[in-house]
Structure formats: structure tokens, C-alpha cells
Amino acid sequence: SKVDPVVKKKAIELVTQRLKNNELSMLRARGDVARKGLYGYEQNEGLAYRMYAKATKSVEAGWNGALMLYKRSPDGITANDAKQIMDLLHKSGAAMPNSRGVVGSYAHYLAGLLSEAGSATGKPDLKKAFIHYRTSARNSYVPGAFHYMRLLVQSMTKLPDTERAIVMQEMRMMINRWKWQSPEIMFLAGDIYSAKWFPDENGFMAQYHWRMAQKMGGTREIADFDGAIRSRVHKMSPELEK
């Protein structure tokens, strides 16, 4: 509002022309402005989504549009929204195998959640979910790492011995790297020890990891975390307690 009217008019003309030219950075910027209601513009989620959808080759726009749709309904995501989210993530490249960095880690995590739940198709696809979670983990997103490890653990009993040894090595490396970053991964480490995938005399290591997860708190990825902890943590012998 404090800008000279002539300068302001030229700026608006420049933005308008760049939008007509479908410039990715401007489409994304206009979407951000509409989504947040910035610079005196009204908040308009419909316009924001249209801008993001037009910026089909911008991973940031794809992610912003997908996240907007994902968070739109507090009652849970609809199948139609889930389809649009997956379409945005793939067309923009945000959830393609070669996507990297922060946006890639978030996008693959969200794609993993939707694939595992079968939100878009009505049928869970654990194979796709596993691939998305793995890519999210390899881009250093902790919740993605947790779900990747969780699906790894679920697959252990189905693997031949030769493959299981490789997965065990991967699990040990992941736990050592991530357990202090997340109560969920610390909790999962306790389950792994409890299942005897790693040696655990007297169940000590399982109890240790579950108790540390409880102390860390703040979990978002495990439903009824407190109940799960209560069902696992129990008193041990005085020597082990000490």
C-alpha cells in the first residue's frame, strides 16, 4: 500500500504476464499467496490449488498443493482428494524415485501413508508404501525412517535366511542411527529385541528401549502410544532395575 502507484501497476503487470506465461516460480508463488492470504490478497484455497496444479514440473508446488489437500479435512481424507494428492506428487516429480532433499522426504512419506492405507484406490499397497517410506528415510526424514523400519520388521518372518541376514544388518544400522531421534523408533527397537531378532538376555534390552521411548514422549506415528507402552513395560528383578 505504500508503494508508488506507477511502480505498483508495473509490478502487477509483470506478475500477470508471468502467470500467463505459466512460469513455474510465479505459479507457485501465486499459489502460496492465495493459500496464506498474503500481501493484501484474500485467502483462496481453490485458487491456490489451481496455481499449484498448473505448475506441474515444480516439486515445491506439487508438495504444497498435496499438503493443502491432505490437511483440508479434519475428519479424514477423501478418496478423491487422495487421488489428486498422488497425482500432484507424481506429476510434479515430488514423489518420483529420483526426488531428493527435504521436499522429496516429505512427499514420499505422505505417498507412503496414502499407499499403505489404500486411500486413493480402496486397496492397500504395501509394496508401494515400502518404496516411498524407504526413499523418505534415505532423504533423512525421521517419520519416514520409522515406517520403513516398521515394514521391514513385519517382513522378517516371510524372508529366506539369506535375505533376512541382510535385512538384519540394515535394521541394526537404522536403529543405531535413528533411535535417539524418535520415540517411535526407540519403541520399535524394543519390539525388535523382544522378538529376539537381536540377542536380549532376560528381556533387558527390550525393557530399556521401551522405557527410553516412554521418557522421550511426544510420539505422533503410533496410535495409543501410552497403552502400547503400558502393555510392554513391567518391573524387573532388583538387580536389573538397578
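The values are calculated or read from the model by the stated rules, or taken from the named source; none is laboratory data. The model shown is predicted, which means the values in this text are computed figures rather than measured ones. With ideal geometry, Cβ positions are generated from the backbone for all residues, glycine too; neighbour counts draw on all protein chains shown. Quick note on the areas: whole protein, heavy atoms, side chains included, nothing else; ligands and nucleic acids left out. Shrake-Rupley method; radii C 1.70, N 1.55, O 1.52, S 1.80 Å.
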- If you roll a 1.4 Å probe over the chain with all protein chains in place, what percent of the accessible area is carbon or sulfur? 54
- Computed [θ] at 222 nm, deg cm²/dmol, the chain (DSSP H ≥ 4; -39,500 (n - 2.57); rounded to nearest 500): -21000 deg cm²/dmol
- Charge dipole of the chain built from unit charges on the beta carbon (Lys, Arg +1; Asp, Glu -1), centred at mean Cα; most positive-end Cα among S182, P97, Y41 is Y41
- Projected onto the charge dipole of the chain (+1 at Lys/Arg Cβ, -1 at Asp/Glu Cβ, origin at the Cα centre), which of P143, M86, V3 gives the Cα projection farthest towards the positive end? V3
- Message: Translational diffusion coefficient of segment 97-193 at 25 °C, 0.890 mPa s, Stokes-Einstein with Kirkwood Rh over Cα pairs, in µm²/s as a whole number.
- Response: 180
- Note on the structure: Applied in sequence order to segment 206-216, the curve 6.51 cos²θ - 1.76 cosθ + 1.60 (Karplus, θ = phi - 60°) yields integer Hz couplings, x standing for Gly and Pro, of 4, 4, 4, 5, 5, 5, 5, 4, 4, 5, 5
- Volume of the Cα convex hull of segment 157-242, divided per residue and given in Å³: 107
- Message: Can you compute the label reach from A79? Point 7 Å from Cα along the Cβ direction, backbone N cut-off under 11 Å, restricted to segment 94-135.
- Response: 119-123
- Task: Quote the charge dipole size of the chain about the Cα centre in Debye, to the nearest 20; the model charges only the Cβ of Lys and Arg (+1) and of Asp and Glu (-1).
- Result: 840
- Item | Whole-number accessible area per residue in Å² for the chain, which is evaluated in the context of all protein chains at 1.4 Å | 59
- Task: In whole Hz, with x marking every Gly and Pro, tabulate ³J(HN,Hα) for segment 50-57 from phi via Karplus 6.51 cos²θ - 1.76 cosθ + 1.60, θ = phi - 60°.
- Result: 5, 5, 4, 5, 5, 7, 5, 9
- Message: Suppose the chain between Q43 and K127 were pulled fully straight at 0.36 nm per residue; how much longer would it get relative to their current alpha carbon spacing?
- Response: 26.4 nm
- Query: Rg(Cα) of segment 192-242 divided by 2.2 N^0.38 Å?
  - Reply: 1.18
- Message: Computed from the coordinates I sent, semi-axes √(5λ) of the Cα gyration tensor in Å equals one of [x] 32, 19, 16; [y] 26, 20, 18; [z] 45, 20, 15. Tell me the label.
- Response: [z]
- Item | Helix 142-155 vs. the chain, principal-axis angle (Cα, 0 to 90°, nearest 10) | 50
- Message: Once you keep just the Cα pairs under 8 angstrom separated by 6 or more residues, what percentage relative contact order results for the chain?
- Response: 9
- Message: Please list, ordered by chain and number, the residues whose modelled amide H lies under 5 Å from the amide H of S92; skip anything fewer than 5 residues away on the same chain.
- Response: none
- Message: Starting from 0.36 nm per residue, how many nanometres of slack lie between M156 and E201 once their C-alpha separation is accounted for?
- Response: 14.1 nm
- Task: Give a residue-ordered list of calculated ³J(HN,Hα) values for segment 166-171 (Karplus: 6.51 cos²θ - 1.76 cosθ + 1.60, θ = phi - 60°; whole Hz; x for Gly, Pro).
- Result: 5, 5, 4, 5, 4, 4
